[in-house]
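All of the numbers you see were taken from the coordinates with simple rules; none came from a lab. Here the structure is a predicted model, which is why all the values come from computation and not from measurement. Glycine also receives a Cβ, built like all others from the backbone with ideal geometry; neighbour counts cover every protein chain displayed.
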Amino acid sequence: MSATLRLDRLVGREVHTAGKRRVGRLEEFRAVLRGNSWVVTDYVIGAAGLTERLGLGVRQILGMKQAGGYVARWDQLDLSDPDHPRLTCPVEELRRE
């Protein structure tokens, strides 16, 4: 399925599990260029995404070695309701970052 979604609508949204447990905020996106379109491959959830977006300098200033958070593949996040993103898998299946 191909869909267009404004990423600025998603930044900062809380991500929940299917059981309504809070996982963290959607902070960053990873994408690849395919033809004339950008395709999101990963969603970064939590502090790891925030520090990735703000850059290495922020981590150095704050003395952070690892920010903590999760990376969800494109197929592990349900965005059918962009205001309430939710995981399509258990948290344990996400990559730790």
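Close amide H pairs (under 5 Å, H built 1.01 Å from N) link LEU77 with THR88, residues at least 5 positions away or on another chain.
Students often check this: by mean Cβ neighbours within 10 Å, which of 70-79, 29-38, 14-23 ranks highest, and how do the rest follow?
70-79, 14-23, 29-38
Extension gain for the segment VAL39 to ARG95, taken as residue separation times 0.36 nm less the Cα-Cα distance, is 18.2 nm to one decimal.
Using θ = phi - 60° in the Karplus curve 6.51 cos²θ - 1.76 cosθ + 1.60, the 3J(HN,Hα) couplings for region 71-80 round to 10, 10, 5, 4, 8, 9, 10, 8, 10, 4 Hz; x is entered for Gly and Pro.
Taken one residue at a time, the phi angles of region 11-27 give Karplus couplings (6.51, -1.76, 1.60, θ = phi - 60°) of 4, x, 6, 6, 9, 10, 7, 4, x, 6, 7, 6, 9, x, 9, 6, 10 Hz. Gly and Pro are set to x. Under 5 Å from the amide H of GLU97 lie the amide H atoms of GLY69, TYR70, VAL71, each residue being 5 or more positions distant or on a separate chain, with H modelled from the backbone and absent for Pro and chain starts. Spin-label model, ARG73 to ASP8: label points 7 Å out along the Cα-to-beta-carbon direction sit 3.1 nm apart.
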